[in-house]
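Since every read-out is calculated from the coordinates, none of them should be taken as a lab result. Quick caveat, the model's predicted, so the values are computed rather than measured. With ideal geometry, Cβ positions are generated from the backbone for all residues, glycine too; neighbour counts draw on all protein chains shown.
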Amino acid sequence: MTSFFSLVLAFNAGAAFSFLRDAAGWQRYFFSTVAVIAAMFIVWLLRRGGNRVYLASLGLILGGAIGNLWDRVRLGHVVDFLLFHWNDWYYPAFNVADSAITVGAALLIIDSLRQRRNA
């Protein structure tokens with residue numbers, strides 16, 4: 001599409017950066033279980049409340065986890081389609097759910113640093 005971005009179709013049976021993609025199939029159930037447990041824990045954290053940045057970050061992580069879980073349960077793998085590149089360098093393809101998890105985690109870190117500074 002551009003000199004630095006392309007839309008692609010990539011199937012990832014593993015986790016981030018295709019970790020465990022070549023495993024024998026058990027990773028689908030493992031990562032699905034991890035996502036369900038993480039989602040339940042995040043819902044518990046959300047019910048406890050907090051400031052807006054904290055709650056937004058948890059919401060982004062929860063949404064991303066559920067999005068990837070949906071793909072994994074429905075298709076058996078996660079569909080990645082965003083590919084950034086520069087010359088011969090390519091970042092691994094990812095999707096919107098991955099982006100939500102990453103932004104949510106970054107906000108969570110920023111919020112935790114901000115809380116320490118104020119204490």
Sticking with the crude label model, points 7 Å out along Cα→Cβ, report the distance from Trp26 to Leu46 in nm, one decimal please. 3.2 nm
hull vol. (C-alpha, convex hull) per residue for the chain, Å³ -> 128 Å³
Taking 8 Å as the Cα distance limit and 6 or more residues as the minimum spacing, I'd like the relative contact order of region 25-118 as a percentage. 31 percent
To the nearest 10 degrees, how steeply does helix 26-48 sit against the main Cα axis of the chain, on a 0 to 90 scale? 20 degrees
I'd like to know how region 1-71 sits against the 2.2 N^0.38 Å rule of thumb: what's its Cα Rg over that expected value? 1.39
